[in-house]
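Enquirer: I'd like to ask some things about the structure below.
Values in this text are rule-based calculations from the coordinates and carry no lab data. Only a predicted model underlies this, so the values are computations on that prediction, with no experimental measurement involved. A quick note on method: Cβ atoms are made from the backbone with ideal geometry, for glycine too, and the neighbour counts reach across all protein chains shown.
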Amino acid sequence: MEKPHCRPAPVGTEAGSDGASNFTANPTVNTIFQRFAAQAKKKDVTFRVSAVLPEMLQIREDDLCSLLFNMLDNALEAAAQTEQGEILCSMQIRRQYLAIRCENTYSGTLRTDENGELLTTKDDASDHGFGLMKMRAIAKKYGSVLDISYDENRFTVMTALKLLPEKKNQ
């Protein structure tokens, strides 16, 4: 996957025929959600977001983009393969952490290695499967873990990234 492009959409973008919506005050997160909302609409996947965030976050923008792009890309790909595809994503500040939760429908088919670690379900595994590793590394960098759970038709990823002190913000 090429490097995510995370440039904010124009401020004040309203819901319209292009599928753009204001999901949150943070322009980077809002732009990412707009992009995935549009892609979900094209694939007939329900995309719901609850993101109560300030305009500025004390998280490096490249880390935030990488985490969300990988998380939502995986969610959209899986949800699009189900009859009633759905993605539910929530983000909020809790104490000094950015809590992120993404739940999506999926076909119920997963691949794991001998240790129970998830593997890519794509045919060309040598070129894929790096998204979860990248998300785990970002979670670890911010003092967290990537919590993954699933049942027969729902897949959930959660993390809580420790916010950087304001003086170190970008």
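Enquirer: Which FRET efficiency value, to the nearest 0.05, do you get for Asp151 and Glu55 by plugging their Cβ-Cβ distance into 1/(1 + (r/R0)^6) with R0 = 30 Å?
Expert: The value I calculate is 0.25.
Enquirer: Using modelled backbone amide H atoms (1.01 Å from N, in-plane), which distant-in-sequence or interchain residues come within less than 5 Å of Asn22's amide H?
Expert: Correct list: Ala15.
Enquirer: Among 69-82, 50-63, what's the highest-first ranking by average C-beta atoms within 10 angstrom per residue?
Expert: Put in order of decreasing packing, that is 69-82, 50-63.
Enquirer: Residue-wise, which Karplus ³J(HN,Hα) couplings in Hz belong to segment 81-87, taking 6.51 cos²θ - 1.76 cosθ + 1.60, θ = phi - 60°, and x for glycine or proline?
Expert: Once rounded to whole Hz, the list reads 8, 10, 5, 10, x, 8, 10.
Enquirer: Ordered by residue, what ³J(HN,Hα) values in Hz, to whole numbers, does segment 40-51 give under the Karplus form 6.51 cos²θ - 1.76 cosθ + 1.60, where θ = phi - 60° and Gly and Pro are x?
Expert: Values per residue, Gly and Pro as x: 4, 4, 4, 9, 6, 10, 5, 10, 10, 10, 10, 9 Hz.
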